Every structure is written in structure tokens, then in C-alpha cells.
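Colleague: Take a look at this one; I'll ask things after.
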Amino acid sequence: MLLTITATHTPASDIGYLFHKHPDKLQSFEMSFGHAHVFYPSVTENACVVCLLLDVDPVAIVRGKADSEGLLAQYVNDRPYVASSFLSVAISQVFQSALNGKSTERPELAATQIPLVAEIDVLPVRGGVRFLHAVFEPLGYTVEARRAPLDPLFPEWGESNYFSVTISRICTLADLLTHLYVLMPVFDNSKHYYVGDDEVEKLLVRGDGWLATHPLRDEITKRYLRHQRSLYREALARLMSDEPEQAEDSSQSEDAQSERALSLNEERLGTVLAALRASGASRVLDLGCGEGKLLRLLLKDRQFETIVGVDVSSRSLEIASERLKLDRLSPTQMERITLLHGSLMYRDQRLEGFDAAAIVEVIEHLDPPRLEAFERVVFNFARPKTVVLTTPNREYNVTWENVGAESLRHSDHRFEWTRDQFQTWADMIVKRFGYRVRFLPVGPVDPALGSPTQMAIFERD
Ligand code: SAH
């Protein structure tokens, strides 16, 4: 498997500083799956060619693996010859500084956009040539692809899924390597190692700044995370909430709908605040606090002595922290409020011992199969005395021209419940976890459809 990168730059020998590999040497690195070799077949005055050659040892890659696919399949396969997740691993290990856009000797060059051409030989592409173009072109690459025949001796057997691919673009080396790092296993649609939670983190770090707005964002994310539903749902939710343009939560997207919706957002927060006040709570949680609109109101009210905002999106928390000017609060105010990065899918002891929790327009962002985990985290483990929870009332959507009966209010919503569905769910919570519940409409009530937002107040003794 060979990756060739040609950089046009004068003096071309400076490119060696970006790769942190000397142009005059052949360097070899031991990998878990074999070896990676780096060499420069050509360095002229204006152009530098660097090669990363992977020597994948078919025996090393099956060592210690269960014989699940049959011994023959383990040894006789395409893995040693194609660009795959092995290439991503090699890029991240052998070209680590270049991937991170760092260079001790030429920091400005690392940040400079230069004409780059990458040739990948051989790339397996599930989805064919159209997928290849659809992935690279929105990122600004020019793509050339040559499809290999299944067997050159028997052209009548037709074509294979293997391509020789050349992509060109004027960009930083870090951008090119980042795209290759993320996309190689996406084309291949497979990975040679176990894909767990930390792959979501890697994808969010490496996908920063381009993945959230890519037209094939969902497909890339799914493939990268090997189609593990819970992982890609989480990654997509976080990508969406980390993307400034689309960081709109549901209330903000309703804002866009009409003047009336703007006041709906305010009305919702006002109603939640009133319910929290009425509960007599002094220690409160805002679970899925987003950019901190409710936190701001809570801070203004002295009744709330301890305020904790929790969100899975670190970007939202950063924005909340800026908007609330947390670094400029007086020491007494600062003591009252804490922002926590965490997921409501996992038990978290930091959430225990509170009087009340607000969960405003959050549950509809959760994947239905994972709702149960959320229920246990909130009602069984954190177990505040009062829980004030809001969610859209789907029935009301028909009154909005740009939403309608069939669609949801926001692209990140997994579901929107009718009043019946919400009340059935809430009744189940009551039975399972020993709470009482009351329902309140938020926003103008339509006699047939109810209110745009529905709210439940859960209480326990
Ligand atoms: N409550 C805020 C934000 C609502 S948008 C408001 O009313 O303005 C939904 C929020 O839930 C987003 O900020 C999102 O990051 C967060 N969220 C989604 N899944 C989450 C999870 N598993 N754990 C914690 N927060 C989550």
C-alpha cells in the first residue's frame, strides 16, 4: 500500500520539515501490523515527493484474534495491499506533528496553503466512483480515479471495487492528512480494530471545521464508527451542537419560524423558572443546559444557591461560559455556578443531592433506545426532588407552515411526541421511579392541538 504526496513549494526541501522526516533518508517504523517506510523519491527545487509505504504483515494482523472468519479468510484477504484504517494509524503515528499542523522548524509553512497532490494506491471504495467524488469534492479536491479490473488477465470478469485515486488541492498539509486520516476507513467501510467511545472523540477532533457541514456528514460518521448506532447518533448530535451555524437548539430554530416563536422560547424559560421557584429548590441542575439561557435566569435569582449546568457538547459549554462571563463574576457569584461536561447517558455522582433539575428541550435529541439509560440516570441515580421537563408537542407542528404535520422542528430531533405519547411516557416514569407528575402547557393553547411546548413537573417526597 502506497501513499504518495507531492507538494509544490520553493524551496521544496523545506517540506521535509513539515513531515519531520529527512529527505535524504529512508526511515522505517515498526507498527502493530507490520512496518511503515517513509522516503522521498524526488526533491527538486520546486517540488517534493514523499512516499509512505505500508508493509502489512498478514500474520501480525491475525495474531491473537479469534478464528471467527475462518483461518483462510484471515490470511488470504486484501488487507496487506489496500489503503485502510492501517493507513490512518500510520499517518497518526509516523506523521503525527504534520497531522496536527505543527512544525518546530517551519511553523509558518505548516500553516500555509500549498498545492498538494495525494495518490493512493490502492483504495477500496464501497459505493464506487460517485461516492469518491461526493466525499472529496465538497472539501475542495479535484479527484481522478482509475478503477482496477477484477483480474487484468480476464477483463470479461469486469471491474473491482479498487481504485487508484489522485486528489489535488491547495491547502495545508495538516488538512490533507486529516482528511486522509478520517476518510480512508470510510471508503473501505471497515476498521481493523475495535471501535469504542474513544473513536467518537477522535472523529470530533479530526472532523472539526469540516465534517459538520459536509453534505455526506451522516454517511461518513456512520461508516467511520462502523455503523454502531449509539456511537454515530452521539457523534452526530455532538457535531450538530458543536457547529455554530447549526448549533441552534430547537428553541432557536423555532425562533426562526416567527415572532410568536421568539416569545415561545422566552415563555418556556419563564415557565420553567417559575416551576423551579415554586418547588422551593435552592440546589438546581440544568441538564442539557446548551448555551446557558436558563442558567442566566437562575443566576439572577438568589433563591438558587447552587446552580450546575451539564451538557455533552463542550462547544456549547464554552459559549455558555462566555455568555455568562463566568471568568468575570464576583467570587460569591462564581461559587454558585458550575458547568459540567458530561453525558446524561451515564450515571454521574456529581448530579446527586440536588433539589431540582430542569431538562429543557433535551429528550427529543436522545436516541429512543437510549432513553431508558437517561431515565435511570435522572430519576433513579441523580433523583432530584423535582424535575421540570419540556419537549415539543408534535401535534402543534401543523400550525407552522415551514414545519408541517410530517416533519420535525429541528434536524437533530430524534422524535417529537404528541400529548398522549408524552403523558404515557411520564406515567411510566411515575410508576417506575416513584414520582408524581403534573402537566402544564407552554405557549398559546390551541383547543384541538394543545400548546407548542409541553411541560411535565415530576415530584417525589
Ligand atoms: N436546554 C437548552 C438547550 C436545549 S438543546 C435550552 O433550552 O436552550 C439540547 C441540548 O442537549 C444540547 O445542548 C445538547 O448538547 C444537549 N444534549 C444532547 N444529548 C445529550 C446528552 N446525552 N447528555 C447531555 N446533554 C445532551
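The values are calculated or read from the model by the stated rules, or taken from the named source; none is laboratory data. None of these values were measured; they are calculated from a predicted model. Positions of Cβ are generated from backbone atoms using ideal geometry, with glycine treated the same way; all protein chains shown enter the neighbour counts. Just so you know, the surface numbers come from the protein's heavy atoms only, side chains and all, with ligands and any DNA or RNA stripped out. Shrake-Rupley method; radii C 1.70, N 1.55, O 1.52, S 1.80 Å.
Colleague: Gain in length, Asp197 to Leu440, computed as 0.36 nm per residue apart minus the alpha-carbon separation, to one decimal in nm?
Modeller: Values: separation 243, 0.36 × 243 = 87.48 nm, distance 3.75 nm.
Additional length available on full extension: 83.7 nm.
Colleague: Angle check, please: helix 173-188 long axis (alpha carbons) against the longest principal axis of the chain (alpha carbons), in degrees 0 to 90, nearest 10.
Modeller: Between helix and principal axis, roughly 80 degrees.
Colleague: Also, I was wondering about something else. Taking 51 Å as R0, compute the FRET efficiency from the Cβ-Cβ separation of Ala148 and Ser282 and round it to 0.05. All intermediate terms of the calculation are to be shown ahead of the outcome.
Modeller: Working: r = 69 Å, r/R0 = 1.35.
The calculated FRET efficiency here is 0.15.
Colleague: Calculate for the chain the 222 nm mean residue ellipticity that helices alone would give, adding -39,500 (n - 2.57) per DSSP H run of length 4 or more and normalising by residue count, nearest 500 deg cm²/dmol. Don't jump to the answer; show the numbers that get you there.
Modeller: Values: 18 runs with 162 residues, N = 461.
Estimated from H runs of four or more residues: -10000 deg cm²/dmol.
Colleague: Could you give the angle, 0 to 90 degrees to the nearest 10, between helix 259-278's Cα long axis and the longest principal axis of the Cα atoms of the chain?
Modeller: For 259-278 against the chain, the angle is about 60 degrees.
Colleague: Rg and Dmax in Å for the range 337-420, alpha carbons only: what are they?
Modeller: 14.8, 44
Colleague: With a cut-off of 8 Å between alpha carbons and a minimum separation of six or more residues, what is the relative contact order of the chain in percent? Display every interim value, and only then the final one.
Modeller: Details: 829 pairs, mean separation 43.7, N = 461.
Dividing the mean separation by the residue count of the chain yields 9 percent.
Colleague: Nearest 20 debye, what's the magnitude of the dipole of the chain about its Cα centre given +1 on Lys and Arg Cβ and -1 on Asp and Glu Cβ? Mind dumping the intermediate values first?
Modeller: Details: 50 positive and 65 negative charges, 242 e Å.
I would put it at about 1160 debye.
Colleague: I've got another one for you. Rounded to the nearest whole Å², what accessible area per residue is found for the range 264-459 with the 1.4 Å probe? The partial results should precede the final answer.
Modeller: On the way: 8460 Å² over 196 residues.
Here the per-residue accessible area is 43 Å².
Colleague: Arrange the peptides 306-312, 35-41, 426-432 so that the one whose residues have, on average, the most other Cβ atoms within 10 Å appears first.
Modeller: Details: 306-312: 22.0, 35-41: 17.7, 426-432: 14.3.
Taking the mean over residues of other Cβ atoms within 10 Å, the ranking is 306-312, 35-41, 426-432.
Colleague: Between Arg229 and Arg296, with labels modelled 7 Å along Cα→Cβ, what's the label distance in nm to one decimal, could you check?
Modeller: 3.8 nm
Colleague: OK, next. For the range 117-222, which trypsin sites (Lys or Arg not before Pro) pass both filters: DSSP loop (anything but H, G, I, E, B) and at most 14 other C-beta atoms within 10 Å? Could you put the intermediate results ahead of the total?
Modeller: Numbers: sites: Arg126, Arg130, Arg146, Arg147, Arg169, Lys191, Lys202, Arg206, Arg217, Lys222; in loops: Arg126, Lys191.
Loop-located and lightly packed - Arg126.
Colleague: Could you give the length gained on full extension between Ser32 and Met334, defined as 0.36 nm per residue of separation minus the Cα-Cα distance, in nm? Walk me through the numbers on the way to the answer.
Modeller: On the way: separation 302, 0.36 × 302 = 108.72 nm, distance 4.81 nm.
Gain on stretching Ser32 to Met334: 103.9 nm.
Colleague: How do 226-232, 328-334 rank on mean C-beta neighbours within 10 Å, highest first?
Modeller: Highest-to-lowest ranking by the protection proxy: 226-232, 328-334.
Colleague: Compute the FRET efficiency between Asp208 and Asp24 as 1/(1 + (r/R0)^6), taking r as their Cβ-Cβ distance and R0 = 30 Å, and round to the nearest 0.05.
Modeller: About 0.30, to the nearest 0.05.
Colleague: Taking R0 as 30 Å, what's the FRET efficiency between His133 and Glu406 from their Cβ-Cβ distance, rounded to 0.05? Can you show the working numbers first?
Modeller: Values: r = 32 Å, r/R0 = 1.05.
Step by step, r from the Cβ atoms, then E = 0.40.
Colleague: Related question: Pop a pseudo-label 7 angstrom from the Cα along the beta-carbon direction at both Arg460 and Lys325 and give the gap in nm to one decimal.
Modeller: 3.9 nm
Colleague: Next question. Need one number for the range 264-459: average projected area of the convex hull over its C-alpha atoms, nm².
Modeller: Working: hull surface 43.0 nm².
Reported value for the Cα convex hull: 10.8 nm².
Colleague: Taking only protein heavy atoms and a 1.4 Å probe, what accessible area per residue, in Å², does the range 80-226 have with all protein chains in place?
Modeller: Numbers: 6480 Å² over 147 residues.
For the range 80-226, the solvent-accessible area averages 44 Å² per residue.
Colleague: Also, quick follow-up: To the nearest µm²/s, what D does Stokes-Einstein give for the chain at 25 °C and 0.890 mPa s, using the Kirkwood radius over alpha carbon pairs as Rh? Before the final figure, lay out the partial values.
Modeller: Working: Rh = 25.2 Å.
Here the translational diffusion coefficient equals 97 µm²/s.
Colleague: From Cα pairs below 8 angstrom and at least 6 apart in sequence, can you work out the relative contact order of the range 264-459, rounded to a whole percent? Walk me through the intermediate numbers first.
Modeller: Working: 352 pairs, mean separation 38.9, N = 196.
That works out to 20 percent.
Colleague: Cα axis of helix 85-94 to longest principal axis of the chain: angle in degrees, 0 to 90, nearest 10?
Modeller: For helix 85-94, the angle is close to 80 degrees.
Colleague: How many angstrom lie between the Cα centre of the range 124-153 and the Cα centre of the range 305-356?
Modeller: 46 Å
Colleague: Rounded to the nearest percent, how much of the accessible area of the chain (1.4 Å probe, protein heavy atoms only) is carbon and sulfur?
Modeller: Values: 10640 of 21030 Å².
Summing carbon and sulfur atoms, their accessible area is 51 percent of the total for the chain.
Colleague: Another question about this same structure. Give the ranking of His20, His133, His413 by solvent-accessible surface, highest area first, calculated with a 1.4 Å probe. Don't jump to the answer; show the numbers that get you there.
Modeller: Working: His20 75, His133 50, His413 10 Å².
Largest to smallest exposure gives the sequence His20, His133, His413.
Colleague: Considering the Cα positions of the range 2-194, please state its Rg to one decimal place and its Dmax as a whole number of Å.
Modeller: Calculated on Cα positions, Rg and Dmax stand at 17.2, 53 Å.
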